[in-house]
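Data block below; observations after.
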Amino acid sequence: MSVNPWSTLPHVWTSIGLPGFERHSTYQDYKLEDMPRIPITLDDEFEWLIKSGMPFRGIGLDERDEYAHPLPASEVIAFAQAAHVELPTAFVAFMNSPELQSRIHSCTDCYLDP
């Protein structure tokens with residue numbers, strides 16, 4: 001019997017603080033079942049993000065600072081394949097699209113790191 005590798009990950013949203021939730025530290029995890037429902041329909045083609053997200057310069061895998069050394073998306077994908085882990089199609093599409101990445105704004109003005 002094989003175990004889905006994603007099932008072992010915690011199902012949380014990590015943030016610096018959310019309205020209506022008590023804050024205990026700078027970064028904290030919020031259980032997904034406690035989060036309000038998203039008022040839009042999400043899809044794997046990111047139509048929701050293209051319609052709703054405004055591009056913002058300074059966000060994305062190509063916008064790292066000089067001290068960051070994250071793996072490029074291609075290496076993450078190769079690593080997953082070597083480990084026989086199938087990455088979600090939407091994740092791969094997002095990590096390979098600077099246009100989509102630019103539409104996700106960071107609450108701490110950070111860059112993306114797969």
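The values are calculated or read from the model by the stated rules, or taken from the named source; none is laboratory data. Note that the structure is a prediction, hence the values are computed from the model and not measured. Here Cβ is always computed from backbone atoms with ideal geometry, including for glycine, and neighbour counts include all displayed protein chains. The accessibility values were calculated without ligands, DNA or RNA, using every heavy atom of the protein model including side chains. Shrake-Rupley method; radii C 1.70, N 1.55, O 1.52, S 1.80 Å.
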**OP:** Please sort by residue number the chymotrypsin sites (Phe, Trp or Tyr not before Pro) in region 1-36 whose DSSP state is loop and whose Cβ has at most 13 other Cβ atoms within 10 Å.
**Re:** Phe21, Tyr27
Original post:
HN-Hα J couplings of region 8-15 from phi, Karplus 6.51/-1.76/1.60, θ = phi - 60°, integer Hz, Gly and Pro as x?
Top reply: 8, 6, x, 9, 9, 10, 9, 8
**OP:** May I ask you to derive the FRET efficiency for Leu18 and Ser106 from their Cβ-Cβ distance with R0 = 22 Å, giving the value to the nearest 0.05?
**Re:** 0.90
**OP:** Multiply the residue gap between Lys51 and Leu87 by 0.36 nm, knock off their C-alpha separation, and tell me the result in nm, one decimal place.
**Re:** 10.5 nm
Subject >> In nm, spacing of pseudo-spin labels at His11 and Asp29 (7 Å Cα→C-beta vector) >> reply: 1.3
Original post:
Using a 1.4 angstrom probe with every protein chain in place, what is the largest-first accessible-area order of Asp43, Asp29?
Top reply: Asp29, Asp43
**OP:** Would you mind calculating the gained length between Phe79 and Ser97 on full extension (0.36 nm times residue separation, minus the Cα-Cα distance), in nm to one decimal?
**Re:** 4.6 nm
